[in-house]
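Have a look at the structure below before the remarks.
The values are calculated or read from the model by the stated rules, or taken from the named source; none is laboratory data. Please read these numbers as outputs of a predicted model, since none were measured by experiment. With ideal geometry, Cβ positions are generated from the backbone for all residues, glycine too; neighbour counts draw on all protein chains shown.
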């Protein structure tokens, strides 16, 4: 039976707390400082925990609960890297949020020339180029996929989520570039829908993660774009996880195909900003990370046709202090497996580790946190989180966006910074 694990921030064992971040990983608005008497000198402001901290050259060695690890910088100089994909030869593709697709060699060399051929990308704030994925038959067809923020052809302030597919020549050029899916938007609609609860600007909460399952279907996360009122409506793509064929068409066995009240691409509903998506290769289950409002960030097991509650059900608190209609245990709604309270934890992507190269970690779930740590969550024999978590890399003070297991059995982590880095976690001595 599934258990919901609620975790207070700062209670996990730290190897290597932080304060809350606002909305989708930006700095939370600071409280006004107390008045200072005229005769007293003003105290120097404390360093913001949300500003980038320069990453040292490394390497770093740690004794964790289960093993010794050696952490090193593979490459630096990436501008807010967002997603990565391993190529058959061991090289990597890495996206940069401002709109560049980069090649990192197996030896750790960042190619100075970005891959050309990407479409026009709206890159402001958290919007921009997001995830990258390889077609399951990439070695034969050379097809790659990226998610990005698509600008309106008529209104530069209107944007939406798009999935692009292209053929890559293996060097610096994309061909056969095509948007295979473009999420709903409000191009031309005036006025925009009313919003509640102190939600942020409509240029945020895009989702944008992708994952192919073992049958070759493409799953894409779509955020609510800070219009939570749209999420429980089923005639749009806001706050949904979508299931597509590899060409962007709709699978005939999607749960709502033929239902006129639902968009046929919908797999699940009730999400705020799903920023992570992975499939456990051992059990074949799909797991997701999701930004809540203020607190209430989640890890969910994604199940066909399920409703995860947003905007009506959340264990977090709306930004204007408006209470949610429900918190948990609401009929017809699926509760998270893990929830962080009371502050925001800001989860990025997640991955399951399976292998013997990093002893004691086989079967663990790793979550990249933009609150500047890598979390290892232990999974019980029943496939649910045990409640045991360990914080790693916290002393590096880097916002972590993505984590993946490499073909060499090591873990790889992207830091979401202006001078972003790719880190490798290998066995220590």
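Below are the figures for this structure:
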quantity	calculated
Strands (runs of 3 or more DSSP E) enclosed by region 336-425 - at least 3 residues per element that are in contact with a strand residue (DSSP E or B) (Cβ under 8 Å, 6 or more places away or on another chain) and at positive phi	none
Pairs, first on the phi < 0 side of the Ramachandran plot and surrounded by fewer than 17 Cβ atoms within 10 Å (Cβ to Cβ) in region 133-144, second modelled with pLDDT of 95 or more and assigned to a strand (DSSP E or B), C-beta under 7 Å, six or more apart	none
Flag for residue 404 being within 19 Å of residue 85 (Cα to Cα) and within 14 Å of the chain's Cα centre (by Cα)	yes
Matching residues in region 196-215 - criterion: being modelled with pLDDT under 80 and surrounded by fewer than 16 Cβ atoms within 10 Å (Cβ to Cβ)	201
Tabulated pairs, region 176-191, first surrounded by fewer than 14 Cβ atoms within 10 Å (Cβ to Cβ), second modelled with pLDDT under 95 and not in a strand (DSSP E or B), C-beta under 6 angstrom, 6+ apart or interchain	187/152; 187/158
Among (1) more than 30 Å from residue 373 (Cα to Cα); (2) part of a loop (DSSP other than H, G, I, E, B) - the single one residue 267 does not satisfy	(2)
Qualifying residue in region 114-121 (condition: closer than 28 Å to residue 53 by Cβ, part of a loop (DSSP other than H, G, I, E, B) and modelled with pLDDT of 95 or more)	yes
Residue tally, condition part of a loop (DSSP other than H, G, I, E, B), modelled with pLDDT of 95 or more and more than 16 Å from residue 142 (Cα to Cα), over region 153-182	0
